[in-house]
Amino acid sequence: MDGAEDDGRIKADGGLPEQTAALQALYDAGGSIVFFGGAGVSTESGIPDFRSKDGLYNQKWKFPPEVILSRSFFNVAPAEFYRFYREKLIVRGVKPNAAHIALERMEAAGTLSAVVTQNIDGLHQAAGSKTVYELHGSTLRNFCMECGARYSINFIAKSAGAPNGIPICKKCGGIVKPDVVLYEESLDGACMDGAIRAISRADMLIIGGTSLTVYPAAGLIDYFRGDRLVLINKTATPTDSRATLAIHDSIGAVLGALTI
């Protein structure tokens, strides 16, 4: 492993073993660690992302996915919204991958204080992580917009047989909405506050599987005050130059190789 550069960044250009050794040294320095992750964490479990060449935004639909997943579209065309939602956002048979498992082990070891995620699949909790801030909500939670009654993901999936495929509350007849933040909706204030508090108190921030282009979530990095910033993504990000260590490789392979 090459030594630290004059600007404090670490060079690790010898491939995954050298990069993992550099990350291990930063991890072993101790202190509180927070992980901030995006779609690249879940793609290794077989869940498609949005913006890659095979992502949802590059597939053909009657309306662009970013339009379908907006609150205004949900309000005026819920049947079309749910047709897309059930086909593309309700995933079956997926399991946590090496990255999720490594993060749960860090939390159990007392080194990881929180996971902040842009993903809506619940895989961090499925792996056993306890402190998880889901910035964009979760497909596993659903609620009646009238009475607040809660429903499972299976209720949404099975509602395909309902009139127009729209899930209707059994208690009051209101429309059941996924607890997912749609375009034109604000992020949950309490969740954002918790994520900001965790990141601002961290000594080390590991960012993985995100290009850091989606705001306001990407702006959370500005709250970090620690001395070790690690970026792990298969492609370069605009923030690589700010990182103590930037690794362009599989998030699961990198975190899975750590000694925790």
Compute the helix-to-body angle for 78-88: its Cα long axis versus the longest principal axis of the chain, expressed 0 to 90° and rounded to tens.
40 degrees
Beta bridge orientation in segment 157-253: antiparallel %, DSSP, nearest 5:
10 percent
Sequence-distant residues sharing a close amide H with GLY137 (under 5 Å, placed H):
VAL181
Amide H of PHE143 versus every other amide H placed in the peptide plane: which residues, excluding those fewer than 5 positions away on the same chain, fall under 5 Å?
TYR151, LYS177, ASP179
Report the accessible area of SER250, computed with a 1.4 Å probe over the heavy atoms of all protein chains in place, in Å² rounded to the nearest 10.
20 Å²
Along segment 246-252, Karplus-curve 3J(HN,Hα) (6.51, -1.76, 1.60; θ = phi - 60°) to the nearest Hz, with x for Gly and Pro, reads 10, 10, 9, 7, 5, 4, x
Pairs LYS95/LYS130; LYS130/LYS177; LYS95/LYS171; LYS88/LYS158; LYS62/LYS88; LYS62/LYS170: which are spaced more than 23 Å apart, C-alpha to C-alpha?
LYS130/LYS177; LYS95/LYS171; LYS62/LYS170
ILE232's amide H: which non-local residues (gap 5+, or another chain) put their own amide H closer than 5 Å, with H modeled 1.01 Å from N in plane and none for Pro or chain starts?
ILE207, GLY208, GLY209, ILE247
HN-Hα J couplings of segment 193-203 from phi, Karplus 6.51/-1.76/1.60, θ = phi - 60°, integer Hz, Gly and Pro as x?
4, x, 5, 4, 4, 5, 5, 5, 9, 6, 7
In deg cm²/dmol, rounded to the nearest 500, the helical mean residue ellipticity at 222 nm of the chain, built from -39500 (n - 2.57) for every DSSP H run of length 4 or more, is -8500 deg cm²/dmol
Test of the criteria: in segment 98-148, which trypsin sites (Lys or Arg not before Pro) are in a DSSP loop and have at most 12 other Cβ atoms within 10 angstrom of their Cβ?
LYS130
With at most 12 neighbouring Cβ atoms within 10 Å, loop GluC sites (Glu not before Pro) (DSSP) excluded, longest segment of the chain:
6-183
Would you kindly derive the ³J(HN,Hα) couplings of segment 120-127 from the backbone phi angles with the Karplus curve 6.51 cos²θ - 1.76 cosθ + 1.60 (θ = phi - 60°), listing them in order in whole Hz, with x for Gly and Pro?
10, 9, x, 6, 5, 5, 5, 7
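The values are calculated or read from the model by the stated rules, or taken from the named source; none is laboratory data. Source: prediction; values computed, not measured. Cβ sites come from the backbone with ideal geometry, for glycine too, and all protein chains shown count toward neighbours. These accessible areas exclude ligands, DNA and RNA; they are computed on the full protein's heavy atoms, side chains included. Shrake-Rupley method; radii C 1.70, N 1.55, O 1.52, S 1.80 Å.
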